[in-house]
Amino acid sequence: MALHSTAYRWGAVARLFHWLTALGVLALIAVGLWMTDLPNGMRKINIYALHKSVGITILGLTVLRLLWRLTDDRPLSPPGQPAWQQRAAQAAHVLLYGLLIAMPLSGWLYNSASGFPLRWFKLANLPHLVEADPALKELAHGAHEFGAWLLIALVVLHAAAALKHHFVDRDDTLNAMLGRRAKDSK
Ligand code: HEM
């Protein structure tokens, strides 16, 4: 099993980062949209705490993923892909990485400005980013909510593009992320 990516396939490390992030983000979006309407009580507190811990994990994973990316190769674009599509894909990926950093940070800022403590899976206390501040709390909350809808739109676009590559263009874009050997690889 190749750890590093090649011109034809994503390596095991890049694939692990990708699918763990996909799983975590889908769960965070679903739980995030659901938990806000729960009645107050211990159950709501525990679910919020889990959302926060998984969100902080995504922040850590994204930082590690970006560092790994600096040392890793990446598969070539499918042959014949128009330049505008390559630029659109690059822009979507930059925005996705930006949101994978901005979403956890806005959540952490919201938590800090609300004056709540933050524990990562009951294992470690994380510091407050700022003192309690009602105006900043509102701002961070708005950013977290707006970012969530932007992230949902981008995830839908990203998945739709992957399915189009696979079923319409019949190229190896999705195979490369599933770890399958590309048709024209050596
Ligand atoms: C990639 C990471 C994250 C994603 C995708 C995410 C996603 C979401 C979503 C979709 C919502 C519902 C938004 C709404 O309609 O109000 C939400 C709410 C919330 N998130 Fe996150 N979140 C992430 C990380 C975090 C982190 C790290 C924290 C705190 C440390 C956090 C704290 C909260 C809180 C407190 C709410 C509830 C807001 C309210 O009560 O209205 N989130 N999140």
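Highest average first, the peptides 144-157, 50-63 ordered by how many other beta carbon atoms sit within 10 Å of their residues are 50-63, 144-157. A 1.4 Å probe run over the protein chains yields, for the chain, 64 Å² of accessible area per residue, whole-number rounding. Could you work out what % of the accessible surface of the range 58-137 is carbon and sulfur, using a 1.4 angstrom probe and leaving DNA, RNA and ligands out of the count? Answer for the range 58-137: carbon and sulfur cover 68 percent of the accessible area. For the peptides 16-27, 34-45, residues were scored by their other Cβ atoms within 10 Å and the scores averaged per peptide; the highest-first order is 16-27, 34-45. Along the range 24-30 the Karplus relation, 6.51 cos²θ - 1.76 cosθ + 1.60 evaluated at θ = phi - 60°, assigns HN-Hα couplings of x, 5, 4, 5, 5, 5, 4 Hz to successive residues, with x for each Gly and Pro.
Of the peptides 69-75, 113-119, the order by per-residue mean of other Cβ atoms within 10 Å, starting with the highest, comes out as 113-119, 69-75.
Excluding same-chain pairs closer than 8 in sequence, count the lysine pairs in the chain whose Cα atoms lie under 23 Å apart. Total qualifying Lys-Lys pairs in the chain comes to 6.
Per residue, the convex hull spanned by the alpha carbons of the chain comes to 140 Å³. Proximity of backbone amide H atoms, modeled 1.01 Å from N, is registered between Asp73 and Ser5 at under 5 Å, excluding neighbours fewer than 5 places apart on the same chain.
Residue-wise HN-Hα couplings along the range 45-58, as the Karplus relation 6.51 cos²θ - 1.76 cosθ + 1.60 with θ = phi - 60° gives them from phi, are 4, 5, 5, 4, 4, 5, 4, 5, 5, 5, x, 5, 4, 5 Hz; Gly and Pro carry x.
Stretching the chain fully between Val130 and Arg69 yields a gain of 18.9 nm (0.36 nm per residue, less the alpha carbon separation).
The values are calculated or read from the model by the stated rules, or taken from the named source; none is laboratory data. Everything quoted here is computed from the prediction, not taken from an experiment. Virtual Cβ from ideal backbone geometry, glycine too; neighbours counted across all protein chains shown. Side chains are part of the model used for accessible areas, which takes the heavy atoms of the whole protein and leaves out ligands, DNA and RNA. Shrake-Rupley method; radii C 1.70, N 1.55, O 1.52, S 1.80 Å.
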